[in-house]
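One structure is given here, and the rest of the page talks about it.
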Amino acid sequence: MDSAVVSLLSAFVLSLIGLFAFMWSMRKGLFVENPKAAGSIFAAGEVGKADDPSLTGHDQARLQQAITETNDKGRDLQQAEDPEGLDDRYDADRSTAFPVFMFIGFAVMWLVFGSIAGLTASLKLHWPDFLVSEGWETFGRMRTYHLTAVLYGWITNAELGIIVWLLPRMMRTPLRGPLWVMMGGALINVGIASAIGGFGMGWTAGMEYLEIPWQIGIFVVAGFLCIIPPVLATVAFRKSHEIYVSAWYHVASVLWIAMLFTVAKIPGAHFGVEQATMNWWYGHNVLGLWFTPAALGAIYYFLPKVIGRRVSSYNLSILGFWTLAFFYAQVGGHHLIGGPVPEWMITLSIVQSMMMIVPVVAFSVNMAGTMWGRMRLARYSPTLRFMMFGGFMYMLSSVQGSFEALRSINQVTHFTHFTVAHAHLGAYGFVTMVLFGAIYFMLPRVLNWEWPFPRLISAHFWLAAIGILIYFGPLTYGGWLQGLAMLDASKPFIESVQLTIPYLEWRSVGGSLMLASHLIFAFHVLVMVLRFGPNRVGAALFHPQSSPLEPAHGK
């Protein structure tokens, strides 16, 4: 049977399974507003309390005061959580400390490497003679180092660290099979390192986002197969009756990426036009069914946790999850508009791209309702600042992506730097900024140590935020002009290339600021691991009124 038919039938079967799961969830009342589920991430006494381990004791007190001033009387302070929840959380944190540290350590390493490779590739676009003496220095290989290091090395490791840390917390049980999880992480990172070494020697599969050869991809698949059983076992043996929405996103995302990568890497299964169709089926789904749900699950946990307030509408959070699952699977086809693929497939992709506005609106309305009257709290909390910035960029990049799928817009933006700017808005402005915020919250409780230099967190945020805005703005405008010039038959092609040079220079400026922020971040993580800096253990790990909110391990 033709592999294209198999792929489409598989997608149809998955849709049917999703439909039955949706019907089951409705019968179980999961779409009924559920305050108890929304509050399941809080232990007794935590609602209405500030919680950001990246703050000093003084700054934590300022955040608490600001939260107290903005609390809704009655609603915010309703408390129905289990008094044993905090003890269960300590046990969960102890079980995940080493695996999470491993994932974050790999993530930071790949972030620095990938950022240097990315800036080098950016400079080559307007300095074509920069680093050309050796084959491994060429633009094609440098860009592939960058993509693999940041997408699989940085984002994948960081998201696995967040999932492994949060899931036992939400399930109120220790992580099952931590050694299997660590083995899986080691296999994934062996695959990433081997792939990057292969790229330097010219060995690549030659498809965007799928450059890893299938022989090396076996390590990545094996890694996920080691991680999935402990994840499912942790959910199966949970003590928590409620399954918080972040767990829905996180468990589904791990299953999705394992299935996506395995199907995309089956040797000898994809050829010709069908290969291109599969390439963009995977390329878009790795963003929408792996990076996005893992990051959204993190926002749904950390944002309410920092401000001590349940999410505005638990109903909307579940709706956002299911509509993401329903509508995203066929979105990638809009990258093939104008190609030799069936027109119905393109039209289906465009329709589903526009339908993605539904989960985006559900998330945006939910977060706006949760933060209504509380936006100023971002002044006090670095974690909240990263999460709010990332959430806003999710809304912006998703709406832009939906409209970019329309034929009238796609004919201008296709094959231009506009698409590159859009990809970075999603992968960096949204996903990466959320991951930074999560790590700032997690690492003090993983390492039982304070962030040594809180001012570096602020410097990191502003360099990264300004950098991505400088990157995105000029490159988007330059890409649009490039597309218009390419459509103008009266202009030679070289003119469409030359007019992009100033915007590519701005891209490098933005990339330089982002790299600087990453070096600060990596330095801060390193000095924290080495126990340098002032010894402030206890300040942010305890509530300022000296009642423990999140005691250090072993206390």
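The values are calculated or read from the model by the stated rules, or taken from the named source; none is laboratory data. From a predicted model like this one, the values you see are computed outputs, not experimental measurements. Virtual Cβ from ideal backbone geometry, glycine too; neighbours counted across all protein chains shown. Side chains included, ligands, DNA and RNA excluded: accessible areas come from the protein's heavy atoms. Shrake-Rupley method; radii C 1.70, N 1.55, O 1.52, S 1.80 Å.
Structure values in brief
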item	result
Subset tally (residues that are farther than 23 Å from H250 by Cβ and free of Cβ contacts under 8 Å to residues at least 40 places away in the same chain) for region 324-345	3
Hey, T292 under 30 Å from T413 (Cα atoms) and either surrounded by 22 or more Cβ atoms within 10 Å (Cβ to Cβ) or among the basic types (K, R) (or both) or not	yes
Residues of region 493-511 that turn out to be touching a residue at least 40 places away in the same chain (Cβ under 8 Å), open to solvent by less than 20 Å² (accessible area, probe 1.4 Å) and under 18 Å from H414 (Cα atoms), as a count	2
Condition check for G478: closer than 30 Å to S349 by Cβ and either without any contact (Cβ under 8 Å) to a residue 60 or more places away in the chain or buried (at least 20 other Cβ atoms within 10 Å of the Cβ) (or both)	yes
M387, sole failed condition from (1) within 16 Å of the chain's Cα centre (by Cα); (2) open to solvent by 10 Å² or more (accessible area, probe 1.4 Å); (3) not hydroxyl-bearing (S, T, Y)	(2)
Given (1) at pLDDT below 95; (2) closer than 24 Å to S381 by Cα; (3) surrounded by fewer than 20 Cβ atoms within 10 Å (Cβ to Cβ); (4) not basic (K, R), number of the condition S490 does not satisfy	(2)
Residues of region 451-464 satisfying the condition of being closer than 21 Å to A298 by Cα and buried (at least 20 other Cβ atoms within 10 Å of the Cβ)	W451, I457, H460, F461, A464
Filter result for A258 (open to solvent by 10 Å² or more (accessible area, probe 1.4 Å), without any contact (Cβ under 8 Å) to a residue 12 or more places away in the chain and either under 17 Å from the mean Cα position of the chain (by Cα) or closer than 26 Å to R172 by Cβ (or both))	no
Check on G373, more than 21 Å from the chain's Cα centre (by Cα) and either in contact (Cβ under 8 Å) with a residue 24 or more places away in the chain or under 16 Å from F302 (Cβ atoms) (or both)	yes
Unique residue being touching a residue at least 40 places away in the same chain (Cβ under 8 Å), under 19 Å from S364 (Cβ atoms) and not hydrophobic (A, V, I, L, M, F, W, C) when the list is Y282, Y314	Y314
Complete set of residues in region 128-145 that are farther than 16 Å from M201 by Cβ and among the hydrophobic types (A, V, I, L, M, F, W, C)	F130, L131, V132, F139
Complete set of residues in region 227-239 that are surrounded by fewer than 20 Cβ atoms within 10 Å (Cβ to Cβ) and either on the phi > 0 side of the Ramachandran plot or not charged (D, E, K, R) (or both)	I228, P229, L232, A233, V235, A236, F237
Those residues of region 83-131 which are over 24 Å from the mean Cα position of the chain (by Cα), under 25 Å from S240 (Cβ atoms) and open to solvent by 30 Å² or more (accessible area, probe 1.4 Å), in sequence order	P83, E84, L86, D87, Y90, D91, R94
Residue match in region 415-422 (condition: open to solvent by less than 10 Å² (accessible area, probe 1.4 Å) and within 20 Å of A295 (Cα to Cα))	yes
Single residue of R407, R445, R455 found to be under 22 Å from the mean Cα position of the chain (by Cα), among the charged types (D, E, K, R) and at pLDDT below 95	R445
Residue in region 298-347 that is most open to solvent (accessible area, probe 1.4 Å), counting only those that are in a loop (DSSP other than H, G, I, E, B) and under 30 Å from Q65 (Cα atoms)	S312
